[in-house]
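Everything on this sheet refers to the single structure shown next.
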């Protein structure tokens, strides 16, 4: 048996599985499919044509540890999920986040509060997106990547599996760290290879290419390929690989 609060608004043509919980003031657009045991927390807005996988949780409120220094305000706006999105099984998306249209948030992925995701974005399985992150449209983040808090990723970026971003060179020690805390900025069209590690506040330029297993200790200029540990310039990225040339598929 499912629980649907009397204040929830359910659109026409929706399918709701067994054991689903839909709390107060939730709005679900027409033609949505809500699979078994999904939980949709108070105020969440789900656009038309969305598919929510089994045991997914939408609109969860953050519960930071007492010792956490990266806390969000308790007064967060409801989660907003755009038209035609797919949320995989056991994915968790927090309150205070906005996701555009036709995005995929895959199985067992995790998106924290105060995050903004554009349109046509793929968040792969087992990806963690921490709070205060910005992700542009048509970006792809592959399986197992870790996107730390305060990271900015622009449009048409490719993040390969198991990429790790960081935001604290002091790893939680000394008051000095608060002056330097911050995530990477990855500009439009950049590509970051598998198992790359980015140190805090790194700027990856437009159309840049970071080779697999590299460690970024400094910024990457536009349209250049870097490689190694620490990563160093190898060559320019040829124009036929730029996302701006119109040949890159959505």
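Every number here is computed from the coordinates shown, using simple stated rules; none is lab data. Please read all numbers here as calculations on a predicted model, not as lab measurements. Cβ: placed from backbone, ideal geometry, glycine included. Neighbour counts: every protein chain shown.
Data overview
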{"read-out": "Separation between Cα centres of the stretch 76-118 and the stretch 162-236, rounded to whole Å", "value": "25 Å"}
{"read-out": "Two-decimal Rg/Rh across the stretch 12-136, once Rg and the Kirkwood Rh are taken from alpha-carbon atoms", "value": "0.95"}
{"read-out": "Ratio Rg/Rh, restricted to the stretch 163-250 and using Cα atoms, in which Rh is the Kirkwood radius", "value": "1.04"}
{"read-out": "Cα-based convex hull, the chain, per residue volume (Å³, whole number)", "value": "111 Å³"}
{"read-out": "Share antiparallel - DSSP beta bridges, the stretch 172-248, percent rounded to 5", "value": "35 percent"}
{"read-out": "Approximate spin-label separation residue 3-residue 65, in nm, with each point projected 7 Å along Cα-to-Cβ", "value": "3.0 nm"}
{"read-out": "Cβ-based exposure ranking for 243, 214, 6, 77, in which fewest neighbours within 10 Å come first", "value": "6, 77, 243, 214"}
{"read-out": "Bins of 10 Å from zero: percent of alpha-carbon pairs in the stretch 79-186", "value": "17, 50, 25, 8, 1"}
{"read-out": "Helical mean residue ellipticity (222 nm; -39500 (n - 2.57) per DSSP H run of 4+; nearest 500) of the chain", "value": "0 deg cm²/dmol"}
{"read-out": "Computed lengthening from residue 170 to residue 235, 0.36 nm per intervening residue step minus Cα-Cα distance", "value": "20.2 nm"}
{"read-out": "At 1.002 mPa s and 20 °C, Stokes diffusion of the stretch 69-131 via Kirkwood alpha-carbon radius, µm² per second", "value": "184 µm²/s"}
{"read-out": "Pairwise centroid distance, computed over Cα atoms, of the stretch 1-52 with the stretch 123-137, Å", "value": "23 Å"}
{"read-out": "DSSP bridge pairs, the chain: antiparallel proportion in percent, nearest 5", "value": "10 percent"}
{"read-out": "The stretch 7-147: relative contact order in percent, alpha carbon pairs under 8 Å with at least 6 residues between", "value": "15 percent"}
